[in-house]
1. Out of contact with any Asp or Glu (no Cβ under 9 Å at 6 or more places or on another chain), under 18 Å from Ala72 (Cα atoms) and surrounded by fewer than 21 Cβ atoms within 10 Å (Cβ to Cβ) - does that describe any residue in region 142-155?
2. Criterion first (outside the structural domain of Thr27 (by TED's automatic domain parsing), of a type in the set (A, V, I, L, M) and surrounded by 16 or more Cβ atoms within 10 Å (Cβ to Cβ)) does Val81 satisfy it?
3. Quick one: in region 116-138, which of the residues that are touching a helix residue (DSSP H, G or I) at 6+ places or on another chain (Cβ under 7 Å) and crowded, with 18+ Cβ neighbours inside 10 Å is modelled with the lowest pLDDT?
4. Limited to region 140-156, what total is found for residues that are of a type in the set (Gly, Ala, Ser) and within 15 Å of Asp106 (Cα to Cα)?
5. Ser51 versus (1) modelled with pLDDT of 75 or more; (2) out of contact with any Asp or Glu (no Cβ under 8 Å at 6 or more places or on another chain): which is the lone unmet condition?
6. Being buried (at least 19 other Cβ atoms within 10 Å of the Cβ) and either modelled with pLDDT under 60 or outside the structural domain of Glu227 (by TED's automatic domain parsing) (or both) is the requirement here; does Arg207 meet it?
7. Looking only at region 108-128, how many residues end up being more than 13 Å from the chain's Cα centre (by Cα) and either closer than 29 Å to Leu80 by Cβ or without any contact (Cβ under 8 Å) to a residue 12 or more places away in the chain (or both)?
8. I need the full set of residues from region 41-51 which are surrounded by 11 or more Cβ atoms within 10 Å (Cβ to Cβ) and either touching a Phe, Trp or Tyr at 6+ places or on another chain (Cβ under 8 Å) or closer than 15 Å to His67 by Cα (or both), in order please.
Amino acid sequence: MKNQTTIQREQLPNSAKQTLELIAFLTYEFKSQLNSINTSVSLLAKKLANSHNDFETKLIGNIMASHHYLEARTSELLALVKLQVDGFHLELELTDIDDIVHRVIDQLSPTISNRGQSLTLSLTPNTKKIIADSLRIEQVLHNLLSNASKSTPAGGNISISTDKQAGYIVIKVRDSGRCIPSLEQREIFQPYCCLTGDKDTQIHGIRLGPALCKYLVELHGGRIWVENEENNGNTFAFTLPLNNN
């Protein structure tokens with residue numbers, strides 16, 4: 001049985017709320033235009049599919065990649081603005097973290113496979129269930145695994161693991177990409193954090209996803225962090241309290 005919990009933020013001044021609402025409106029309009037661009041480019045790609053022009057194919061690929069990047073960022077921005085303006089509604093229920101992990105893997109396996117990456121799974125058996133909004137935790141894990149795939153070079157390895165520690169379930173997602181510098185590790189969960197990155201690992205630009213993940217995990221009474229070893233990738237980890245009843 002689900003239990004709806006509304007998380008309200010501190011009351012915003014009218015001017016601040018109006019500004020956020022304007023940002024949300026403009027972002028929604030921007031997202032609509034991106035959808036139009038995607039439709040047009042997809043039609044163009046079909047028309048040029050048999051042209052065997054490598055230059056045109058590369059241009060179309062660049063446009064579509066930029067579209068997907070901008071679409072992801074606008075979706076994250078809309079979600080963050082909604083949190084600021086409306087608070088958040090959690091649909092809490094007794095759920096199994098293993099089920100969430102498998103759902104996310106099913107969603108992202110084609111992408112990981114297409115990049116020639118391998119995925120290692122290590123789930124702790126007989127883990128107690130958690131009280132959580134399963135869709136929101138799925139959103140967190142999807143974001144972390146998607147970023148891990150983007151950060152990992154072709155042929156690299158990604159791993160997901162779960163463990164129990166002092167009344168909490170610990171979920172870790174590890175990539176084999178460029179290590180995030182220590183200074184950026186402290187800032188990555190802040191809204192509008194801009195990673196330096198490089199072309200090879202595709203870690204670049206402003207990322208709102210980690211800030212949204214942090215907010216959702218903390219709403220559930222957990223915490224989130226990133227750690228790494230030199231030249232050995234990054235591990236994003238978060239905790240959720242186990243159901244002790």
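1. Yes: one or more hits.
2. Details: outside the structural domain of Thr27 (by TED's automatic domain parsing): no; of a type in the set (A, V, I, L, M): yes; surrounded by 16 or more Cβ atoms within 10 Å (Cβ to Cβ): yes.
In short, no.
3. So the residue we want is Arg136.
4. The initial filter retains those residues of region 140-156 that are of a type in the set (Gly, Ala, Ser), namely 146, 148-149, 151, 154-156.
Keeping just the survivors that are within 15 Å of Asp106 (Cα to Cα) gives 146, 149.
The qualifying residues number 2.
5. Ser51 satisfies all of (1) modelled with pLDDT of 75 or more; (2) out of contact with any Asp or Glu (no Cβ under 8 Å at 6 or more places or on another chain) except (1).
6. So Arg207 fits the description; yes.
7. Residues in region 108-128 being more than 13 Å from the chain's Cα centre (by Cα) and either closer than 29 Å to Leu80 by Cβ or without any contact (Cβ under 8 Å) to a residue 12 or more places away in the chain (or both): 11 in total.
8. If the condition is that a residue be surrounded by 11 or more Cβ atoms within 10 Å (Cβ to Cβ) and either touching a Phe, Trp or Tyr at 6+ places or on another chain (Cβ under 8 Å) or closer than 15 Å to His67 by Cα (or both), then Val41, Ser42, Leu44, Ala45 are the ones that fit.
The values are calculated or read from the model by the stated rules, or taken from the named source; none is laboratory data. Just so we're clear, the structure is a prediction, and the values are computed from it rather than from any experiment. A quick note on method: Cβ atoms are made from the backbone with ideal geometry, for glycine too, and the neighbour counts reach across all protein chains shown.
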